[in-house]
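J.: Please find one structure pasted underneath; my questions will follow.
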Amino acid sequence: MITLHSYLIISAILFLLGLFAVLCRRNAIAVLMGIELIINASGLNLIAFNTFVKQSSLTHALSGQIFSIFIIILAAAEAAVALAIILSIYHHFRKIDVMDLEQLKY
Amino acid sequence: MEALKMVESFIWLIPVFPALGFIINGLFGTRFSRQTVGRIACGSVFLSFLVSLLSFITLLAMPAAERILHCRCFEWIKVGNVSVDIAFLIDPLSSVMTLVVTVVGFLIHVYSIGYMAHDRSVARFFTYMNLFTFMMLLLVTGDNILLMFVGWEGVGLCSYLLIGFWYLDHANNDAGKKAFVVNRIGDFGFLIGIFTLFWSLGKVSGGTIWTLNFADLAANIHCLKDITLNQALGIAHFGLGPVSVLTFVGICFFIGATGKSAQIPLYVWLPDAMAGPTPVSALIHAATMVTAGVYMIARLNFLYTLSPTALTVVAFVAGVTAFMAATIGLAQNDIKRVLAYSTVSQLGYMFLALGAAAYSAGIFHLMTHAFFKACLFLGAGSVIHAMSNKQDMREMGGLKKWMPVTHWTMLASTIAIAGWPLTSGFFSKDEILWKIFESHSVNMWHLVPWALGIAGAFMTAFYMFRLMVMTFYGECRADQEIQAHLHESPGVMIWPLRILGSLALVGGFVGVPYALGHFIHFPNLFEEWLAPVMGGLLYKAHVIVPVTAHAVDHAAAGHHHIAASEYLLMLLSIAIALLGSYLSYYLYTRRQEVIERFVRTFSTLHRWVYNKYYVDELYELVIVQGVKWLMRKLAWFDFHIVDGLVNFSGRVLVWFSTISGSVDYHGVDGAVRGISDQTIRLGALVKLIQSGRVQYYLMIAMGVLVVFVLFFQLGG
């Protein structure tokens, strides 16, 4: 049977993979990809809950799905901004290694 | 009579006039001219003389048993049992003393105007002289022992100041210091005497009689008559215990008198004191200060009469002093030294009289001695002045033709001191010798001082005529230069000499002894005048033990019994005086070679006598070096031990403070620094968190999230 738990596990795994990419990759684009993964994992979470959990009378039957569409839009906007920042960093450092971004060090 | 009684309230002026002169000359003297300074000084003494004369006349007008003028000025000390006032007493004894001091003092002040005419410190001289006169008058008019002691110390101070008057020459300063220090040694005895007397009288009377004034002491002295020192002081076992209190006190006071009045063993300062100006020698060391001891014992006659032992001690010391000083005077060549030793010797005679309980005879000799000795000293000053400050008699001679007045006045005084008949010195010295001879009926040993006195009288006549011959007769041995300057002294110096010389000749007629005077019904005025003071009549003293047969007669105010021995003794004195004088005159004018051969034959003896028996050297060796040795030992103690302790405690303190400091620095401050250090180290560790890398921050955030989730899942 495919239950809610299966989707949650999948989204948790995706989240953790995305977290791994954010935390442990040196390339800024890879970090971005990780962020995308995290966001999409949370979108999956939302769809899953929408499908398997009976909504109360106060919320819409498709509120989960609507929420996930918002998330995708936000992800797109945020990716555009992040790519602009990375372009700026490339102008300055001629590379996009996140290890270089330590101006706020002690 | 009432008007004369008013004098009583003014007797305090007697010491105060010279005190005023002292203050005025002391503060402003340098601004006045020489004449003014001299006039102020002489004037103040003269005013004092007038008041003394007035009080003397007042006393004359009073009946004999009431002749006291007493003036209490104000309360001075009132502490516990001690109650002493500033009060003055004029009775027959002190009136004699004030008259002698003011008359002789006045004449010497006048003489000083001439003598010190070219000195640069005239104002200082007369200031000190007036201070001295003030102190001396305080001494003789004080009505209690403490006031007398103030004057006693004051005259000692003035003696020091005046001996060292020409202070630029250190020898003078040394002489002044010697005088003062030796005096002080005697004063220690004096003080012990005062304390013992005061304390004993107080204790023995059961705590009722605490007094230091003469009237009360005289009236109550009998309480101490048979008390020993042990009983008086209340101590069980004390070395001098069995001695009678009065004997102890009497000897203590006499020790003070040996210091002030130059008796053995404290006479050594007087010859050195000749370093001062001659008027000083005349006033202080001949006529007045040195007689303070005689006055003191006469004043305390009620005490001494009750202690024959003390009197014997006085008589013996006096006799030996009179003899010894006369021997030294025989061999001296400095004119002032001869006179100095003569003074010591004559003071011995005064004390000899006191030792025989013939107090009025002692005071009589004090008076006549003041006349002739002051005249002799002033005359010597005149000679020194003329000789351009040379004092060695070997360089004098034949001065008679240049200085006739000086010569005749000094001759008058010389025959007085030698004891030629009918001179003042004859009457007084003869009286003394008779009294001490007679007192051997009470104490056999008194013949020894008498013999010493007789021998001394012979030597006195001899050395005085030696002085006269060497100075005034024969060929002049001075340099041509000095001879050219020889001159008689000016009037201001001559007139005092004339007056004193005349007094030396005729002043003795107030004391003609009964043995001679009764033929023409001429009484012994002097003795009668002083009798109420000495016999206890005036102060109601209980004279229980008459020392001589004469004392009984005195009390009865009538001498009906004259021993033949008195006339024999008188003839003996005259014979000795004339023999001594003539022998000296003959040997020194015509037979100088006999003298020289004598000196050569007995050269060792002569050397000993000439060097004053080396007493000064002995004192220097034993006492001065002894004291210096003690001083070095005590200085070692002070330097090493006392200062060592101080230094040691200092070092301990430093050590403590070092420890305290290091505790403070390392401990306290270390804790503070330690905290800051740890904080920094901790910070150094913690700051590593801030790497500036976003991924690390996120990692930490995730880690904390995990912890929270676990925490809430597992524990809640």
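Every read-out reported here was derived from the displayed coordinates using simple, explicitly stated rules and does not represent laboratory data. Source: prediction; values computed, not measured. Virtual Cβ from ideal backbone geometry, glycine too; neighbours counted across all protein chains shown.
J.: Using Cα pairs closer than 8 Å and at least 6 residues apart in sequence, work out the relative contact order for chain A, in percent.
T.: It rounds to 27 percent for chain A.
J.: Over all residues in B:686-696, what is the mean tally of Cβ atoms on other chains that come within 10 Å of each residue's Cβ? Write down the numbers at each step before the final one.
T.: Details: counts 1, 2, 2, 1, 4, 5, 8, 7, 7, 9, 2.
Shielding by partners across B:686-696 averages 4.
J.: Roughly how many whole Å is it from the C-alpha centroid of the range B:18-63 to that of the range B:126-186?
T.: So the two Cα centres are separated by 19 Å.
J.: In addition: Could you let me know the centre-to-centre spacing of the range B:324-398 and the range B:422-472, using Cα atoms, in angstrom?
T.: If you average the Cα positions of each part, the centres end up 14 Å apart.
J.: At a Förster distance of 56 Å, what's the computed FRET efficiency of residue B:672 paired with residue A:97, Cβ-Cβ distance as r, to 0.05?
T.: 0.80
J.: Oh, and also: Assign one of three labels to the range B:67-153, namely rounded, prolate or oblate, based on the Cα gyration tensor with a ≥ b ≥ c the square roots of its eigenvalues; rounded applies when a/c is under 1.5, prolate when it is not and a/b is larger than b/c, and oblate otherwise.
T.: Numbers: a/c = 3.91, a/b = 1.88, b/c = 2.08.
Verdict is oblate for the range B:67-153.
J.: Note down the magnitude of the dipole of chain B about its Cα centre, charges +1 on Lys and Arg C-beta and -1 on Asp and Glu C-beta and zero elsewhere, to the nearest 20 debye. List each step's numbers first, then the result.
T.: Numbers: 43 positive and 39 negative charges, 292 e Å.
The calculation lands at about 1400 debye.
J.: Let me spell out the model: positive unit charges on the Cβ of Lys and Arg, negative unit charges on the Cβ of Asp and Glu, origin at the Cα centre of the range B:397-508. What dipole size does that give, in debye rounded to 20?
T.: Around 80 debye, computed over the range B:397-508.
J.: Can you work out the PRE-style zone for residue B:35? Point 7 Å along Cα to Cβ, and I want the residues of the range B:87-113 with backbone N under 15 Å.
T.: B:113
J.: Quick one: helix B:643-662 against the long Cα principal axis of chain B, what's the angle to the nearest 10°, folded into 0 to 90?
T.: Once rounded, the angle reads 10 degrees.
J.: Looking only at Cα atoms, what is the convex hull volume of the range B:1-143 per residue, in Å³?
T.: 113 Å³
J.: Separation between the residue B:603 and residue B:184 pseudo-spin-labels, each 7 Å from Cα along Cα→Cβ, expressed in nm?
T.: Computed distance between label sites residue B:603 and residue B:184 equals 4.2 nm.
J.: Okay, next question. At q = 0.13, 0.16, 0.18 Å⁻¹, what is the log10 ratio I(q)/I(0) for the range A:4-100, with the Debye formula run over Cα points and no solvent?
T.: The Debye formula, applied to the Cα set alone, gives -0.55, -0.73, -0.84.
J.: Rounded to the nearest 10 degrees, what's the angle between the helix B:525-534 long axis and the longest principal axis of chain B, both from Cα atoms, 0 to 90?
T.: Computed tilt is about 40 degrees.
J.: Helix B:592-601 against the longest principal axis of chain B: what's the angle in degrees, Cα atoms only, rounded to the nearest 10?
T.: 50 degrees
J.: Let me ask you something else. How big is the gap, in Å, between the Cα center of the range B:676-716 and the Cα center of the range A:1-24?
T.: For the range B:676-716 versus the range A:1-24, the Cα centre distance is 25 Å.
J.: Same structure again: Can you compute the charge dipole magnitude of the protein assembly as shown about its Cα centre, using +1 on each Lys and Arg Cβ and -1 on each Asp and Glu Cβ, nothing else charged? Give it in debye, rounded to the nearest 20.
T.: Roughly 1580 debye for the protein assembly as shown.
J.: In whole percent, what relative contact order does chain B give with Cα contacts below 8 Å and a gap of six or more residues?
T.: 11 percent
J.: Roughly what would the spin-label model give for residue B:681 and residue B:568, points 7 Å off Cα along C-beta, in nm?
T.: It is 12.2 nm.
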